[in-house]
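The values are calculated or read from the model by the stated rules, or taken from the named source; none is laboratory data. Given the structure is predicted, the values throughout are model-derived calculations rather than measurements. All Cβ positions, even for glycine, are placed from backbone atoms using ideal geometry, and neighbour counts span all protein chains on display.
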Amino acid sequence: MPELPEVEYTARQVRAALVGASIAEALVFWERSIARPDSDAFCQEIAGRRIEGVRRRGKLLLLDLSGDYLLTIHRRMTGNLLVLPPGWHLDCRLRKQDRASWERVGPAFLNESYQCRCQEKRQGEQEETLCLLHDQPFYCRVCFTLADGRRLLYNDLRKFGKLALWSRGQEAEALAGLGLEPLGPDFTSERLALLLQGKKRPIKQVLLEQTLIAGLGNIYADEALFVASIHPLRRADTLSCEEVAVLRQAIVAVLQLGIEHGGTSFNDYRGLWGEAGSNYAHMQVYQRTGQPCRRCGTAIQRISVAQRSTHFCPHCQPVSQSARPSCGQP
Ligand SMILES: [Zn+2]
């Protein structure tokens, strides 16, 4: 599931590649991928608009469009954006041939002469890289044809992601309920301490709540707690001020590292050109159950916290609380 680093990395790619481009036409292949307005109105209202800017808030990607429109994209489990250069043609024959398959995989995009650049682009790296362009089908749910002949695809295998079109005046509504932005200036130790005050839930669970901190998911919450040497089951309101400061720094560090590595492609996430991110190779605990801790050699353990699989090192992240008083106490 794309978390803040994956969305931020995509936002930077979209900004570099698509600002200034105009959307000639939108085609919706799975109507429920459009949250608002309905898919006919969505296609009508978005046609002819220019992409003027790209932003991110939490795990939401925001495209500022001409005419004071705002397109929000929430990728949820498996949503990805993919740019195809001019020359790919759309094949919708499946729609008539096999309705069930059509609804599962969407249209095909064909270009026999296209040579994928992703292998050569990443040749210098050690990690195995995969390319979406090599694993057809795309599971395309929405296709934006740009005026310059390129296509911007919204692909989503599991179909949980949502696109929504708003007027700029509705931005507050579009972003309602999102908590602190962890890479923003407001994410200070003091604010984090305030936010943890009175929270008797495990710290791991609290970190996942988007209304408190926007953008952390299962991967980066596990990684941040490891870096901060805090057990995922620690009651959030028992952290000392020192621990809160260390945790804040750890959250920022793991998110920035994730962005630097182009995101974590554990399974479905891909960048704008279909390339995999390389951050998975740098994971300290996430999905490393049974493997030796990179810091101390102890086997990484997996437990369940709030129904989410949670990975930690029992030696580096001891259950015992620090002897210092908790930060929230008066
Ligand atoms: Zn360890």
Next item on the list: Can you run down the residue pairs with Cβ atoms below 7 Å, 6 or more apart or on separate chains, where the first is in the range 78-106 and closer than 30 Å to residue 3 by Cα and the partner is of a type in the set (Asp, Glu) and assigned to a strand (DSSP E or B)?
Entry: 78/156; 79/156
Next item on the list: Could you tell me whether any residue of the range 302-311 is outside the structural domain of residue 10 (by TED's automatic domain parsing), in a loop (DSSP other than H, G, I, E, B), more than 16 Å from the ligand (Cβ to nearest atom) and touching a residue at least 12 places away in the same chain (Cβ under 8 Å)?
Entry: yes
Next item on the list: Can you give me the number of residues within the range 60-96 that are part of a loop (DSSP other than H, G, I, E, B) and within 16 Å of residue 158 (Cβ to Cβ)?
Entry: 4
Item checked: the range 181-210, residues that are aliphatic (A, V, I, L, M), buried (at least 17 other Cβ atoms within 10 Å of the Cβ) and more than 19 Å from residue 223 (Cα to Cα) -> 193, 195
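Residue by residue, here is whether (1) more than 18 Å from residue 199 (Cα to Cα); (2) of a type outside the set (A, V, I, L, M, F, W, C); (3) buried (at least 21 other Cβ atoms within 10 Å of the Cβ) holds:
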| residue | (1), (2), (3) |
| --- | --- |
| 239 | no, no, yes |
| 253 | yes, no, no |
| 260 | yes, yes, no |
| 290 | yes, yes, no |
Notebook entry, point to check: Is it the case that some residue within the range 67-83 is basic (Lys, Arg) and in contact with a Leu (Cβ under 7 Å, 6 or more places away or on another chain)?
Noted result: no
Notebook entry, point to check: Given (1) within 14 Å of the ligand (Cβ to nearest atom); (2) hydrophobic (A, V, I, L, M, F, W, C); (3) part of a helix (DSSP H, G or I), where does residue 251 come up short, assuming only one miss?
Noted result: (1)
Next item on the list: Confirm whether residue 138 is in a loop (DSSP other than H, G, I, E, B) and farther than 25 Å from residue 111 by Cα.
Entry: no
Check: Is it the case that some residue within the range 260-283 is touching an Asp or Glu at 6+ places or on another chain (Cβ under 7 Å), touching a residue at least 40 places away in the same chain (Cβ under 8 Å) and within 16 Å of the ligand (Cβ to nearest atom)?
Finding: yes
Check: If you check residue 23 against the conditions, is it within 14 Å of the chain's Cα centre (by Cα), in the same structural domain as residue 152 (by TED's automatic domain parsing) and either crowded, with 22+ Cβ neighbours inside 10 Å or not in a strand (DSSP E or B) (or both)?
Finding: no
Notebook entry, point to check: If you go through the range 284-295 one residue at a time, how many are within 9 Å of the ligand (Cβ to nearest atom) and farther than 20 Å from residue 257 by Cβ?
Noted result: 1
